Structure formats: C-alpha cells, structure tokens
1. For region A:129-142, take each phi angle, set θ = phi - 60°, evaluate the Karplus expression 6.51 cos²θ - 1.76 cosθ + 1.60, and give the result in whole Hz per residue in order, putting x for glycine and proline.
2. Taking 0.36 nm per residue of separation and subtracting the Cα-Cα distance, what length does fully extending residue A:245 through residue A:50 add?
3. Mind ranking A:197-207, A:121-131 by how tightly packed they are, going by the mean number of other C-beta atoms within 10 angstrom, highest first?
4. Out of every Cα pair in the protein assembly as shown, what percent are spaced more than 27 Å from each other?
5. Go through A:110/A:145; A:182/B:31; A:110/B:31 and tell me which ones have a Cα-Cα distance over 32 Å in this structure.
6. Which percentage, to the nearest 5, of the DSSP beta bridges contained in chain A is antiparallel?
7. When we measure straight from the Cα of residue A:102, which lysines land under 16 angstrom away, once same-chain ones fewer than 8 places off are left out?
8. At 7 Å along the Cα-to-beta-carbon direction for both residue A:7 and residue B:53, put a label point, then send me their distance in nm to one decimal.
Amino acid sequence: MSSDRLNVGTYNFQSRLMVGTGKYRDLDETRLAIEASGAEIVTVALRRTNIGQNPNEPSLLDVISPERYCILPNTAFCYTADEAVRTCRLARELLDGHDLVKLEVLGDDKTLYPNVTETLAAAETLIKDGFQVMVYTSDDPLIAKRLEEMGCVAVMPLGAPIGSGLGIRNPHNIALILENAKVPIIVDAGVGTPSDATVAMELGCDGVLMNSAIAHADQPVLMAEAMKLAVEAGRAGYLAGRMPAATYGRASSPRSGLID
Amino acid sequence: MIRLTVNGEPVRVQQANNVAELLSTLNLHEKRVAVEINSEIIPRSEHPTTRVREGDRVEIVRAIGGG
C-alpha cells in the first residue's frame, strides 16, 4: 500500500483523506485532529483580517504550517466566478505562489449546492491563469467530465450537501463519474460517518474531503483517526476487489468428510 | 493624516508612505496576509515600494478555518 500514491496535478500524496479546518473549538483541537487524520492536504478559507486585533494572537497558518501541509485554499461563499477567481489570486499571493486551489462556487444558501455554470467559468479563467484547480461540483457525470476536459486536476463531486453528514446519497452517479474519469475523483461534502468514507473509497474514489464529520463529532480527534482508518480500509478493499455477491447462501466449509 | 477604507472600514492613519508601513501601523507586519489596493493585488515584494494614497480601498486577508 505504501506505493499506492495519489497524484493530483504535479503534487503527490500518501494520504487519501483531505480535511478542512473549520468549526473546531480552538486551534489546538484543529491541530490535534488534523495530525490524527494523517491528512496531507488541508483546506483553509480566506477572510478579511480583523483590524485592531491582538498582534500576538496565533493564526491558523502558525498551527497548520504550509511547510508541513499542502494548504488548499477554498472559495467558500463565493457566488460568482469573479469572486472565486479574485479569492484564488489572493490565496496564491498569501501562500507565496502556491497554485493548488479548491474551487467552489455556491448557488444557493439553503442547499449549498454548487452553481455549475459559474464554476465552469471560474475554472476556465483559473486554469488559463496557471492554477491547478480541484473543483467542487454536483454529482453530474457530464459536468464532471467537462471539468476534467477543461484541465481541472481533480473533480470533487458532493456525496450530499455540505455539512449535512447524509453520506453518499447517489453512489450510482459517483460510479458513473468514476467510470470515465482520467483525473482523481474525490468525494467532497456529505460524509458523516467513517462507513460513508469507506463506501466512497470502495466505489473507487481516489480520496475523500471532509470537515464537519470530524469537527462536529463529540470527540473530533478520535473521529479523525477513525476517518483515517476508514479511508485506508475502503482503499484497500477497492484494490483487493470484492467477492461476487450472491442471492443465496454459499457455504464456506466443505460438505464432504462429515461424521455420521 | 490620510483616510483609507481598510476591509470596508474607514481608517485614518498618521503616516503610511507605503503598504509595508501601513501593515506595520495596523500591527499586521509580522502576519501572513495578502493585500489588495483598489482591487489590484500588491505582491509582498512590492509592499515597501507601493504608495498608499488618500481614498484607497485596501483589503487585507488571511487564512482562517474552512472546509
């Protein structure tokens, strides 16, 4: 398994679990949970600094250092392509030219579903501008294919709405996306339990990205470890290839040689 | 004294000849931030040489927790 690595654009990873940094109680819990998850790709959001804040207050990137982790800035709460592109350019400046971004353009406050047309427009601009784009999208196989053909380095369909914890609601669509994919397919959003993450990996997904499932667990650090194991188990299970399913029972012990 | 809009808020600063001095005045000079002035990104290497002018709209962003 140690040779089974994940290639995303020009980057290369051992871990197939990607985690967010939102919703933790404090930065200490963030750090411990992310360490326990074994994740190498860690998402962050970009926001205005608080003017007049205590200059000694620790900041997220002091705890989750770009030297240790591959920081993946997101465009959360951008509703237009322009906003998303502007955010990505600021992120690249913030991270000294780091070109990997998570593009998400939202369409609706209630479902947090992606606005696919704005996502396509933003992806096109960002790719032309030299970004390596990991793109959050719906579980529509045709859109996933189009984003791949445009040059996105990973396509990240939702399993269920962001933060819902409802699991992989349409495994059939995820399987259709996987069937034609030439770039990594990463389930982003919807995972609630370790078994959800395992289901995604058993389907053949290349990775899983999650935040709330860990941060909103009663014990986030323990859940982070559970998710690490779940993703590893699902990946190994996928590579091993499952047994054929049968309608009726098939004994594992031989009939012959029974005592009278 | 010059008047700026920083992150949407009106801000008056005594003296800030350039972006580096502005960040210093705002206690952000040791922080990992990115700066936009009037919607143009100012690369970190140009902070000491980019003038701040009366009426500029300045955005200063940082990384925070997100998914």
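1. The phi angles translate into 7, x, 7, 9, 9, 9, 10, 7, 8, 6, 8, 8, x, 6 Hz.
2. Working: separation 195, 0.36 × 195 = 70.20 nm, distance 5.69 nm.
So the chain would gain 64.5 nm between residue A:245 and residue A:50.
3. Values: A:197-207: 24.2, A:121-131: 18.5.
Result, highest mean first: A:197-207, A:121-131.
4. Values: 25289 of 53301 pairs.
Above the 27 Å cut-off, the protein assembly as shown has 47 percent of its Cα pairs.
5. Values: A:110/A:145 26 Å; A:182/B:31 40 Å; A:110/B:31 35 Å.
Distance filter (> 32 Å) returns A:182/B:31; A:110/B:31.
6. Values: 4 of 26 bridges.
Antiparallel bridges make up about 15 percent of those DSSP assigns within chain A.
7. Leaving aside lysines fewer than 8 places away in the same chain, those within reach of residue A:102 are A:128.
8. 4.9 nm
The values are calculated or read from the model by the stated rules, or taken from the named source; none is laboratory data. Since we're looking at a predicted model, the values are computed, not measured. Here the Cβ is made from the backbone with ideal geometry for all residues, glycine too, and neighbour counts use every protein chain on show. Only protein heavy atoms, including side chains, enter the accessible area calculation; ligands, DNA and RNA are left aside. Shrake-Rupley method; radii C 1.70, N 1.55, O 1.52, S 1.80 Å.
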